[in-house]
Every structure is written in C-alpha cells, then in structure tokens.
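To start, the structure under review is shown below, and the notes come after it.
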C-alpha cells in the first residue's frame, strides 16, 4: 500500500502531504526533511526509486514539482509511477494545464482530487474521466449548497465587504471623499440587514 | 447571529488571502503565520459555521504545509462536521483525517457523526466519511461502525461500494471480529464484473494475503478466474501479488497458475505488469525451469534498457533470483559489473549486492581484490558501502566462506588503509574475533597488526583509531608470535599516540604492559642465551615450572617464533623508553589511562633493579632481589598468558544469580548520592585534579614537569622515532616541527576514467566469477572456534503476530471452520457426514433453509446466486466442486448478522466443518 504522498517543490517547499499510515506530527516533519534531502539532490536521468527505512519511495519530477509516494518493499514501483502520472493528468485536466501556482492556491482541491484517486493507500479510480466527473459533481454540490442557504446574506456581506475594501483603499467608486460617509452608512445598513436574516 | 461574529465573517481572510499574504511575506513568514494563527483561534470560536469552516481550512493549510499543531481545533472540527452543508462537511472531514490520531480525546464523539454520514443518501457524504474512517479508525470506531460498513458493502451505488470495500481492510485490521460479519460480502464482491469493484476487492485481498497467505487458499479458484479473465493491468498486478503469496503454500496451485502467468508475461505490453509477472515468477515459481527462463529473458531486456528505472528493477529482480539460481547472475555478470560504475548510486548499490551474492569460497579472494581496488577509486559513500558489504559477506556465519585466513587478515589490514574507510569498528571487531576464534592465523594477525601500529601516519586518521586499538590488543595478546617484540614496544609507545582518544590510549598502554612482560619473561625467566648471570642463577629454580608451562601451547609457540634476541641491554633501554613515554601520562585526566600508566610504571620500578643489576656486577644481595623480581614477572606473565576465547551472546544468562542478590533492586538512590560527584571530562584539557588531597603536591609537580617537558620530550622522542623508522616519514623538509596533518595513510589513487575502470573490472572478474575452477588450497582451512549455539542471537519474540493472528484466525474460522473452536466430542461424527457429495448437498439445503428462517430477505437472493454458481462449476471436476461448495457453505453459515450469528454458529459447527484432511483442498484440479 501507499504510506504517504508528498509534493515537494525544487526549492524544498512542501506543497502537499497526505498520510495513509499513522505518523505523528514530529515524524512527519522528520520524514519530509529526510526525503527532500534524499530526493532533491538526485540528478536527472537517474532511476526514480529510493530505498528508505526499509520502504521504497517512488518519485517523479514534473516541472518544478517532485511527486513522491512511499510504498512497501514488495509493491510494484512501475505501477506507482503510473499512478503518479495518472494524478498529474487528472490535475492537468481539472486546472487546465496545471502549474505549481494552481496547487499553491487550491491546495484543498488538490487534496480532494487525490482523495478521489486513492483511498486507504490504494488506487481507487483508474479512469481520468470519472475522477473529473466526480470532482465536478462535488464542486457543484458545494456551490449550490452555498447559494441555497445563504444567498441573501452572502450578497449583503459581499456588498459590505466590497464597500469596506473601497473605504480601506481610500478611493471609492464614487470618486470623492464626501461619499465616504455614504458608504459607511451603507455598511451600517448592510449590517442591520444581515442581523435581520 | 451576533454582531461581532458578523464583523468577523465580514473581515475574515479567506484561504486565498492567507496564501497570498504568506507569499508576499511583507512581515516575514513566521510573524505572519503567528498572526494568522491568532486570528484563526479567534475565528474558530465563532458561532457562524461559515466563519468557522474557513478558519478550519486555513488551519489545515498551516498545519499541513507549515507543520503547526492543530490539535486545539479538534472539537471545533467536530462542530463543523455537524453542519448540514456539504462544503463545511468536506472541510471538517479533511481536517479530521489530517489531524486526528488514536489518542485524540474527542475521538469518542465522532462515532455518531460518522454513522449518520455513512447512512446518508448523498453518496459523496458517505464517501467522505468512509475516507475519514479509513484514516482514523481505532478499535472502538471499527467495532461500532462495522454494521454500517457491512451494509455499504452491498450498496447499489458502485461509487460507494468500492470505497467501502477499500475501507473494510482498515476495519479488519483494527477489529478482527468484524471479519465474521463482513467477510462473506467481501468475497461476494470478488465475483462482481465491474472492474472498479474488482480492483478494490483484489487490492484488499492482496494486502490481507501479505500478512497471512494460508488463510486465503480456499479463495484460489476465484483469484484464478480473475487472473485469466482480467483485462485491467491494475487488477492483474494485484492478483499476481496474491498468487506470489499463495503458490509456495500449495504446489498444485502453482502448477496450475504458472502457465497463465507465463502467457501474461509473453503477451503484455505494460512494463509494470511485465515486471510484476517477472517478480512473481522469480520469487514464488523458482522451481519451474521454463518460467524462470522466460523471466530471465525479460530481466535481460530490462537490464539493457536505456531507462534507469528498468535497469534498477532488472537488477533488483536478479538479486531475488540470485538466492536460488545463481547461474542467472553469472550469465548477466557483464551488465552487473558495468553497473558498478553507473552514475546512479542506487543502481551501484544494487549491483554491488549482486556481486556479493556471487561470492563463494572459491572466488572470494578475487572478487574482494577487485572490489577493494574499485573502492579505492570511488567516492567515499560508495567506498564504504563496498567495504561494508565485503566485511559482512566474509564474516557471514562465522567466516563460512573464508578458507585462507592469512589472506583475509591481510585484506582487513589493506582495507583499513583505504583513505575513505570508515568501517573501523567492524574491522576492529573482526580482527579481535578472528584472533579469538582462529588459532592458526595469529602469527599473520600479529604481522598485520605490526604494520598498522608501526606506521605513525595512521594515527592521524580518527576513523582508524578503532582498527588501531584492535591491532594494539592483538599485539599484546599474541605477542609470542612476534618476531621482534621490541619493535612493538616502540610502536605502542611512539609519541604520536598522544593523538589517540583516551580509551584507546589505555589499550595501547595495557598492550605495552603485556609486551613488556613477555620480553622480560623471555629474557629472565626462560633464561634466554643472553640473559644475565643473576637471571640464569634463578633460572634453575624455576626450570621445573617452565616445563610445566611448556605444555601450554602458546608458550611453546612463543619460543619458536621469537627470533630477535632480547639482551639485557635492550631490556634496560626498553624500561627507559617506558618510563620516558609514560611518566607524562601519570597526570592524565582520563582515569583509565592514568591507572594503566601507573600500573606499568610501578611494574617497571619493581623490575628495574634487577635489570640494572644483572647488567652490572654480581652481588649476593641483589641476587635475592632478582629472584623476587623474577617471581613477579612469572606471576604477571602467567596472568597474561591465559588464552581468551569467544564468549557466547547468551553466556550472561547462564550465570546463576547468587543467593541474596536482588537484581531488580532500585538503584535510584545511587543517583542522589553520586549526583554531586562530577565526572572529570575525559577529552578536554581540564584545569584541576580530580584526585585526593595528599597526592596533589606530587601531582602538581608532575603537571608542571609535564607542561614544560612534554613538548621537548615528545620532540626528542619523535626525532628518535623518525631516525629509526625513517621510511614511514616524509622527507623532513620543514625542520622538525610536529604537525598533525600527516599525509593520509594512502594517497587516494588517481581518479581514473570510470569507463576504463569498468572494462578493467569486467576483464578482471570475468574469470573469477566462474566458479568452475577447483581451488588448489595450499593448506587446509584452519579450525574456526564456534560456540555450541553458533552465536545465534536470541530469537526475537514474535510480537507482531499476536494481532495478525486474531485477524487471520477470524478469517480462517470463516473459510475453514477453525478446529479449535470445535468441541472435540462433536468432531468424531464429522468425517462420514462429509465424504459423499450427495449427503453434503443435502446438508447445504438444510443449512440454507435454516438461514432463511433467521435472516429473512437476504438469504434468498444469496441462495439464488449460489445456484447459479453451482451451475457454472458443474463442468469442473467433482472434487473441486466439492471443495467450493464446502467453502461456500462455511462462509455462508458463519457470516451473517453479527449478534444472532454467534450463538447460531455454535450450533451449526458440527455440521459445517469439513474433515480435517481436506483443509488443504484440491484446487483447480
């Protein structure tokens, strides 16, 4: 089985960690430190497997990111390489030519996609299209849920938020200082509206 | 909603804001993070679930990628979990599976949340909670949620069902009793035609089979079917893993499976599947010649592939074959040896392992020679890897493969001189071990030790200190084999020994003691030809005793080996040398060094008189004293000449504990008593003396002398030493300044071109790897002393099994009907009931009808399934059918509803247990 999945940037920054076996927080940092030392120093054109503490780490570099998965000694390394590639392809499909920044800003999405792919350290869904469909379905579920329950509050809150941002920046859509007062008033109104809801 | 919380939510930073802020780093990362954490702590207490969940998400981010503790939010995560909104739930589950562990206090509270979501109609919610369960399950959760997971195993939503299947593995692990409930449904899923479900089930079984393959033998027909029918590589790989575990247990199964696997190997284009086939064949089907040949063919393709991954895996597969078919490795030796110079360290190490696997007693000398040469030229890391593997291979099973120990000992000496060598400790152990075990090698050992000790350059290399300490010990213990003990004295007392750490220094001094005693003994007691008059006078009286000694083989050896004459004059010089070298050490801050130096000097004081007298004129008075001194020498010599032997690891345990000694007594008080006594630091140059009052004056005198005298003394000593052993010194261009930066023992050989090197290597080893040549041993292998227990380590207690046992025990209960829950009385009437197929069929219906009564809806469908299966298998041989049916029946009867099931199981046991002989059944025949 897969014990954990790591995404590490070339500079050694961690972009994603997922643990399928029990590791305490302390062990996790130690593992990451050890492995990034081990993997990032390996040159290109070397093999993608590293032996580590009686386990085996399979890694592959895509652009500036290293995708690492740690497996048991008797697991199939090539299969894991395929899984990594599979994950990258799914990410690519979801974000539309994925780059490191996508993963930085949508770190939870990257997790949710991984969760569709792997469960309890085993590959769960070998079809890219199905994964994409499932993730999209859940995304829309999140969206509709948001809209249904809090449409009004949300709109008001957004308006207030917007107004306040304007205030902060010192220039309003209204273009004059006199209107500051007015927007403050708007905030007040919004607040009361929300309270009523 | 209250005002403040609204303001919180209005002004709340989203995750994106957090990440952006972190990346801009206006105020430094740490400061920013602590500020953000502060905000989160506030926000997470908000009553608004949106605010709370956003805070939780941010916290996840910080915990996950910046490793901040998020255990304080455990309860808040549960609160978010109770939200009806999917988006909140998702975040909460994410946080929980990230941060919860077995000792999280609120773990108890999560059971109901999970149960609610497991039974939810929204498949995504179910999936989330399953995912979470797989991560955080403990015994309680697994037990409490088993019924829900059981239901999900037959859910009609494929998405949910395949996840439930995957999670069941974790539930089994934590709570083996759940096997009785869920196992049958799991097995049913094996017959599912949906590839996704199948892949999940097979995945679970491959994990289960890793732990205890024997329990899953009855399912072999199902696996076989999957293997033959499967279109998906993912599934095939997993099934192959299962067969790799099952085949060694049951030869008939192996017979049956080997052909499909070979087919797969020939047909498939996927490298991963191909490799899995190869690995399965070489691990579990190694007695099938044709299959192995095919696999080896594929391995060869891997080896010559450009892709380093395939090359690595090829080597790896080779190393698996090596244990059973060494010819395969020899066939591919060119590739293996070329890989020793691969740019990839992992490939190098793998090929090194292979080379070591080829080592046998016929070629060990050649291979070691080649490897040591290779180690000289490679980088420090790999160099030590090579040395380490040579050492461990050669010492395997008490030096099983070594015939010529003289050669091996000199190899050890050679290895310790390799500049990057860091294996000092291992070499030290082997030096001493060989010295103790192999009597015949001792003269050579002493010679090697002499070469090491006498070279002053080696003292500067801290990695070699351990080796030197072994050499020093050898020189003291086996000095009788030395040609010139005086040389040892000089080597052991040379000025540069001050570079050694105190513990090793102490060994040097002790060895010097032994050598000195030996010299004196040969000179005076045995009355060598050149011994003084007084000694020869005393010699008479001791003659009878030394004859007695002569029986001792070591002494006898000593007589033959010492060729250099020891004269009185040399003894006097020797004593002077000892005094000169050791008197500074009397003030040493290391207790051990000081103590031993003192011993030796005290001894010298005792002896000196006689030595001086014997060289001078003869007096009656001194003669009497001389006799006394000789007595002392004899005593000490006898003490040292007792031979040391190897000690078994378990020897300590054999010593009976004397009466009245409580080993478990608490020594805690000791610490309070000793607490205020500070140990003098041994390796720092300290200021005060840790010794008693009365000694202080004499000590401080010495100290002053030492401080002033040490440098002159050592320079003069060094000069003298240099005069004598000029060849080990560099030409002294820079006057006589003592510099610590001696050249390394061996100048690293010029870094030759790797490829040339490799081809050399291939050439060199080409002949040596072929074990055809009968070695022409010039001498028979010496006796190696082994202990009765063959130095086995006490077998580690099997701790791991206990938990697995309960799991596989449960599985076995279900698949075989375990014998130990059987009341023995009921077993007697078993065999006749199961012999005939007809009777059995009858019984099955009986059992099933019972089931119909007990669990209403479920079993009717099950029975239908059964029938269809029965038809499918009609065409198989009868006994196979019989087996399957028995299996089926057992599974069926034992895995039903958890609570009702137990009592019922008891009642049915006599019926369902097959005769004991068919526990390992005829598979697929």
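The values are calculated or read from the model by the stated rules, or taken from the named source; none is laboratory data. Remember, it's a predicted structure, so these values are computed and weren't measured experimentally. Because the Cβ atoms are built from the backbone with ideal geometry, glycine has one as well, and the counts that use them run over all protein chains shown.
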Which condition from (1) touching a strand residue (DSSP E or B) at 6+ places or on another chain (Cβ under 7 Å); (2) outside any strand (DSSP E or B); (3) closer than 25 Å to residue B:72 by Cα is the one that residue A:35 breaks? (3)
Any chance segment B:80-100 includes a residue that's closer than 16 Å to residue B:140 by Cβ, in a helix (DSSP H, G or I) and free of Cβ contacts under 8 Å to residues at least 24 places away in the same chain? no
Out of (1) surrounded by 14 or more Cβ atoms within 10 Å (Cβ to Cβ); (2) farther than 25 Å from residue B:99 by Cβ, the odd one out for residue A:64 is which? (1)
Would segment A:61-83 turn up any residue that is over 24 Å from residue B:209 (Cα atoms) and within 12 Å of chain B (Cβ to nearest Cβ)? no
Which fully enclosed helices (runs of 4 or more DSSP H) of segment B:303-343 have 3 or more residues being modelled with pLDDT of 85 or more and crowded, with 20+ Cβ neighbours inside 10 Å? B:308-322
If I filter segment B:420-437 for residues that are closer than 28 Å to residue B:520 by Cβ and surrounded by fewer than 22 Cβ atoms within 10 Å (Cβ to Cβ), do I get at least one hit? yes
Residues (exposed (fewer than 13 other Cβ atoms within 10 Å of the Cβ), at pLDDT below 75 and facing chain A (nearest Cβ under 10 Å)) located in segment B:12-50: none
Out of B:55, B:95, B:77, sole residue that is within 11 Å of chain A (Cβ to nearest Cβ) and crowded, with 24+ Cβ neighbours inside 10 Å: B:95
Against the condition more than 10 Å from every other protein chain (Cβ to nearest Cβ) and at pLDDT 85 or above, how does residue A:90 come out, does it pass? yes
Hey, which of the helices (runs of 4 or more DSSP H) in segment B:383-468, taking only ones fully inside, have at least 3 residues that are at pLDDT 80 or above and in contact with a helix residue (DSSP H, G or I) (Cβ under 7 Å, 6 or more places away or on another chain)? B:405-416, B:424-437, B:442-454
Scope segment B:62-74; condition surrounded by fewer than 18 Cβ atoms within 10 Å (Cβ to Cβ) and in a helix (DSSP H, G or I); matching residues: B:66, B:71, B:72
Taking segment A:67-94 and keeping residues in a helix (DSSP H, G or I) and surrounded by fewer than 17 Cβ atoms within 10 Å (Cβ to Cβ) leaves A:85, A:88, A:89, A:92, A:93
What is the residue count in segment B:287-302 for residues that are outside any helix (DSSP H, G or I) and surrounded by 18 or more Cβ atoms within 10 Å (Cβ to Cβ)? 1
In segment A:32-50, the residues that are within 11 Å of chain B (Cβ to nearest Cβ) and surrounded by 14 or more Cβ atoms within 10 Å (Cβ to Cβ): A:32, A:38, A:42, A:46, A:47, A:48, A:49, A:50
Do we find that residue A:98 is closer than 24 Å to residue B:66 by Cα and in contact with a strand residue (DSSP E or B) (Cβ under 7 Å, 6 or more places away or on another chain) in this structure? no
Count of residues meeting criterion [part of a helix (DSSP H, G or I), within 14 Å of residue B:223 (Cα to Cα) and in contact with a helix residue (DSSP H, G or I) (Cβ under 7 Å, 6 or more places away or on another chain)] in segment B:170-194: 3
Within the group B:184, B:211, which residue is in contact (Cβ under 8 Å) with a residue 40 or more places away in the chain and in the same structural domain as residue B:260 (by the TED database)? B:211
